[in-house]
Amino acid sequence: MQTKHRILAVALAVASTTAFAQKVTFKDPTGDDDGPGGYKYPTDAVYKKGSFDLTKFEVSKDGDKLNFDVTVNATLEDPWKMGNGFSVQMVFIFIDKDHKEGSGFTKGLPGLNIAFAPADAWDKALILSPQGPARVKAEVTSKAADMKDAVVIPTRTVGRARTISASVPLKELGEGDFTTWGYQVIMQSNEGFPTATDLLTRKVNEYEGQHRFGGGTDTDCDPHVMDLLAGAGKGEASEVQAQHDMLKYECNPDGTSKKMATLTMVHATK
């Protein structure tokens, strides 16, 4: 009888662990923090090599919250004294909950210059910023008013070692099994003095400058993205080309967008 009780206890413990420690993990190749290929870091020393090189993205459930962890290929630093353990990074996490064409947004948030394929339209977006939530909310309200109800801003985002982390209540993301959702993670840079059309994002110009990425254009027809998830999200070498293909763009002679970079989501494999 005692043996049966022990077996039952172990089974319940395993079931409990499965229920309360659900997790999905995605990986991304190292060294592909060059956008569509050829993007370069700003020249100022605060932009350390690997700072925008996404290597891992993890979502885990903890009771009634979801934890989001974004890991890069450099130790995080806080040169601008933001107080959260990091300064130069800015992360946008887009979530497709239903995989339905015509449901959600196909336009990216202001300043990213990206679109999403119709079948991968996003339903929720998280912004992991070193800036305070009040500043981020104000920017969203003034620059993305039509999307503000779909944007979730954590009350606190922190950087430790190489990982930027935040937690949000599940109720802010709505119902559903997060292990079946589609995800896209955009690596950008925190810009404290953005233009009127950019949501705290740093521009990519033709040539890199002290606080400007290079390798793009001086107009807003290029994606302002240094790295993202691609392919199956397993960190395979083929995902570098998949990223470059997704971020391909074309400009009209007047500098307007002819073909915008169009992204797809990455899904966890069961």
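The numbers here are math on the coordinates, done by the rules we state, and not lab data. On a predicted model such as this, the values are computed, not experimentally measured, just so you know. Heads up, the Cβs are rebuilt from the backbone with ideal geometry, glycines too, and the neighbour counts pull from every protein chain shown.
Name the GluC sites (Glu not before Pro) in the range 127-204 that are in a loop by DSSP and that have at most 15 other C-beta atoms within 10 Å, would you? It would help to have the intermediate numbers written out before the result.
Numbers: sites: E139, E172, E175, E191; in loops: E175, E191.
Here the sparse-neighbourhood loop sites are E175.
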Point to revise | Extension reserve of the D78-A134 stretch, reckoned as 0.36 nm per residue once the Cα distance is removed | key: 18.2 nm
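Report, please, the projected area of the range 21-267 averaged over directions, based on the convex hull of its C-alpha atoms, in nm². Don't skip to the answer; put the middle values down first.
Details: hull surface 48.3 nm².
Average of the hull's projected areas for the range 21-267 equals 12.1 nm².
Given R₀ = 25 Å, FRET efficiency for K148-L170 by Cβ-Cβ distance, to 0.05?
Working: r = 20 Å, r/R0 = 0.79.
Calculated value: 0.80.
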Practice item. Considering Cα pairs under 8 angstrom that are at least six residues apart, work out the relative contact order of the range 21-267 and quote it in whole percent. Key: 26 percent
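Name the chymotrypsin sites (Phe, Trp or Tyr not before Pro) in the range 56-87 that are in a loop by DSSP and that have at most 14 other C-beta atoms within 10 Å, would you?
Values: sites: F57, F68, W80, F86; in loops: W80, F86.
Those satisfying the criteria are W80.
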Check your understanding: Once amide H atoms are built 1.01 Å from N in the peptide plane, which residues 5 or more positions from S257, or in another chain, come under 5 Å H to H?
Key -> N252
Review point. Mind checking the angle between helix 2-20 and the chain's longest principal axis? C-alpha axes, 0 to 90 degrees, to the nearest 10.
Key: 20 degrees
Review point. Measuring from label point to label point, each 7 Å out along Cα→Cβ, what is the R156 to H244 span in nm?
Key: 4.2 nm
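Find, among the trypsin sites (Lys or Arg not before Pro) in the range 38-81, those assigned to loop by DSSP (not H, G, I, E, B) with at most 14 other beta-carbon atoms within 10 angstrom.
Details: sites: K40, K48, K49, K56, K61, K65, K81; in loops: K48, K49, K81.
Answer in residue order: K49, K81.
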Exercise for review: Measure off 7 Å from each Cα along the Cα-to-Cβ vector at A196 and T217, then give the distance between these two points in nanometres to one decimal.
Suggested key: 2.2 nm
Check your understanding: Whose amide H sits under 5 Å from the amide H of L263, counting only residues 5 or more places off or on another chain, with H placed in the peptide plane?
Key -> A115, F116, A117
Check your understanding: What is the sum of charges around P169, taking Lys and Arg as +1, Asp and Glu as -1, for the other residues whose C-beta is under 15 Å from the C-beta of P169?
Key -> +1
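Report the local net charge at V158: Lys and Arg +1, Asp and Glu -1, summed over other residues whose C-beta lies under 13 Å from its C-beta. It would help to have the intermediate numbers written out before the result.
Details: positive: R156, R160, R162; negative: D69, D78.
Value of the local net charge: +1.
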Revision key, fill the gap. The helix 133-143 Cα axis meets the longest alpha-carbon principal axis of the chain at an angle in degrees, between 0 and 90 and rounded to 10, of 50 degrees
Review point. Long-range amide H contacts for Q22: which residues qualify at under 5 Å (H placed 1.01 Å from N, peptide plane, sequence gap of 5 or more or a different chain)?
Key: K61
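For the chain, with only Lys/Arg (+1) and Asp/Glu (-1) charged at the beta-carbon, what is the dipole magnitude about the Cα centre, in debye rounded to 20? Spell out each step's value before the answer.
Details: 31 positive and 36 negative charges, 217 e Å.
For this selection, approximately 1040 debye.
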Exercise for review: Sort out for me the Cα centre separation of the range 200-220 from the range 33-88, rounded to whole Å.
Suggested key: 18 Å
**Study point:** Per-residue HN-Hα couplings for the range 156-169 [Karplus 6.51, -1.76, 1.60; θ = phi - 60°; Hz; x = Gly/Pro]
**Key:** 8, 10, 10, x, 9, 6, 10, 10, 9, 10, 7, 10, 9, x
Check your understanding: Could you list log10 I(q)/I(0) for the range 64-188 at q = 0.15, 0.16 Å⁻¹, which the Debye formula gives when each Cα is one point scatterer?
Key -> -0.70, -0.79
Review point. Which ³J(HN,Hα) values in Hz, rounded to whole numbers, follow from the phi angles of the range 44-49 under the Karplus curve 6.51 cos²θ - 1.76 cosθ + 1.60, where θ = phi - 60° and Gly and Pro get x?
Key: 5, 5, 5, 8, 5, 3
